[in-house]
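Engineer: Pasting a structure below so you can have a look.
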Protein chains: 2
Amino acid sequence: MASDVAAGDLFADLPDAASEERFDSLLARPGLRILRIVSNGQATPDGEWYDQPGDEWVVVLRGRAGVLIEGEGEPRQLGPGEYLFLPALCRHRVAWTSADEPTVWLAVHIEPAAS
Amino acid sequence: MASDVAAGDLFADLPDAASEERFDSLLARPGLRILRIVSNGQATPDGEWYDQPGDEWVVVLRGRAGVLIEGEGEPRQLGPGEYLFLPALCRHRVAWTSADEPTVWLAVHIEPAAS
């Protein structure tokens, strides 16, 4: 089975601070996706919200970010190791990410069961 | 929806180096489990193998570990950010973990579809 083992490094191949936010799919299964996201000062555009049909579990592993949950007054500040579980349809936006270093997120998206 | 948002810190509440390996469930869904594992020098007992019916995606976030895949000559060495995808029934064992600091793993276990 050894040849089926895949390996990688979440902190390798980080894009430059000046480049765009980047999404890398690490694993995709029916109903499940694991992503690495690298941000460099980006935020969700004003007035836009994420409003996903599935649950999301997300952790910041490097850098810092602020995530605003609809109905909360201030963004939740996340640093390395800090995670959030965002249930399906929980409207949220990334208020800010570190401008002076990459922010590395690991996100697990759980799709709703097919109906 | 804000009250449904759960939050935590993977690097908080780390057990002492002298204590037992610890498993904390961060999320459990049908077919999916996200776990934090903290090791302190432990290894899989000699002659024992993990041989799980589901796939596992696992990353070391702090510390170091060696994971031996059956059929490979040497353990794969994992440090912070380094991950493995271990397909179902891939026999593997933890050969070693750092003795002088906690090793923090994040594991995503994907159960096989119910038959």
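The values are calculated or read from the model by the stated rules, or taken from the named source; none is laboratory data. As the structure is a computational prediction, the values presented were derived from the model and not from experiment. Heads up, the Cβs are rebuilt from the backbone with ideal geometry, glycines too, and the neighbour counts pull from every protein chain shown.
Engineer: From A:Glu21, A:Glu74, A:Glu82, A:Glu70, which residue is more than 28 Å from B:Ala28 (Cβ to Cβ) and either touching a helix residue (DSSP H, G or I) at 6+ places or on another chain (Cβ under 9 Å) or modelled with pLDDT of 95 or more (or both)?
Structural biologist: Matching residue, one of A:Glu21, A:Glu74, A:Glu82, A:Glu70: A:Glu74.
Engineer: Another question about this same structure. Restricting to the stretch A:24-46, and then to whatever is among the basic types (Lys, Arg) and closer than 20 Å to A:Pro112 by Cα, can you tell me which residue is modelled with the lowest pLDDT?
Structural biologist: It comes out as A:Arg29.
Engineer: Next question, about the same structure. Mind checking which residues of the stretch A:77-99 are among the charged types (D, E, K, R) and either surrounded by 22 or more Cβ atoms within 10 Å (Cβ to Cβ) or within 22 Å of A:Asp46 (Cβ to Cβ) (or both)?
Structural biologist: A:Arg91, A:Arg93 - these are the residues of the stretch A:77-99 that are among the charged types (D, E, K, R) and either surrounded by 22 or more Cβ atoms within 10 Å (Cβ to Cβ) or within 22 Å of A:Asp46 (Cβ to Cβ) (or both).
Engineer: Now for a separate question. Looking only at the stretch B:1-27, filter to residues that are outside any loop (DSSP other than H, G, I, E, B), more than 8 Å from chain A (Cβ to nearest Cβ) and not aromatic (Phe, Trp, Tyr); which one of those is nearest to A:Val108 (Cα to Cα)?
Structural biologist: B:Ser25
Engineer: Kindly provide the set of residues from the stretch B:61-76 that are in contact with a strand residue (DSSP E or B) (Cβ under 6 Å, 6 or more places away or on another chain) and either crowded, with 18+ Cβ neighbours inside 10 Å or more than 12 Å from B:Arg93 (Cα to Cα) (or both), ordered by number.
Structural biologist: Within the stretch B:61-76, B:Leu61, B:Arg62, B:Gly63, B:Ala65, B:Val67, B:Leu68, B:Ile69 meet the criteria.
Engineer: Let me ask something else. Could you please find all residues in the stretch B:28-43 being under 22 Å from A:Ala7 (Cα atoms), of a type outside the set (Lys, Arg) and not in a loop (DSSP other than H, G, I, E, B)?
Structural biologist: B:Leu32, B:Ile34, B:Leu35, B:Ile37, B:Val38, B:Ser39
Engineer: I'm trying to understand the selection: among the residues of the stretch A:24-43, which are under 19 Å from A:Thr103 (Cβ atoms) and crowded, with 16+ Cβ neighbours inside 10 Å?
Structural biologist: Correct list: A:Leu26, A:Ile34, A:Leu35, A:Arg36, A:Ile37, A:Val38, A:Ser39, A:Asn40, A:Gly41, A:Gln42, A:Ala43.
Engineer: Would you mind telling me which numbered condition in (1) under 24 Å from A:Phe11 (Cα atoms); (2) modelled with pLDDT of 95 or more B:Trp49 fails?
Structural biologist: So the condition that B:Trp49 fails would be (1).
Engineer: Moving on. Looking only at residues that are of a type in the set (Gly, Ala, Ser) and farther than 19 Å from B:Ile110 by Cβ in the stretch B:28-43, which one is nearest to the other protein chains (Cβ to nearest Cβ)?
Structural biologist: Top of the filtered list is B:Ser39.
Engineer: While we're looking at this one, here's another question. Return the residues of the stretch A:44-90 that are of a type in the set (D, E, K, R), over 16 Å from B:Ala6 (Cβ atoms) and in contact with an Asp or Glu (Cβ under 8 Å, 6 or more places away or on another chain); say none if nothing qualifies.
Structural biologist: If the condition is that a residue be of a type in the set (D, E, K, R), over 16 Å from B:Ala6 (Cβ atoms) and in contact with an Asp or Glu (Cβ under 8 Å, 6 or more places away or on another chain), then A:Arg62 is the only one that fits.
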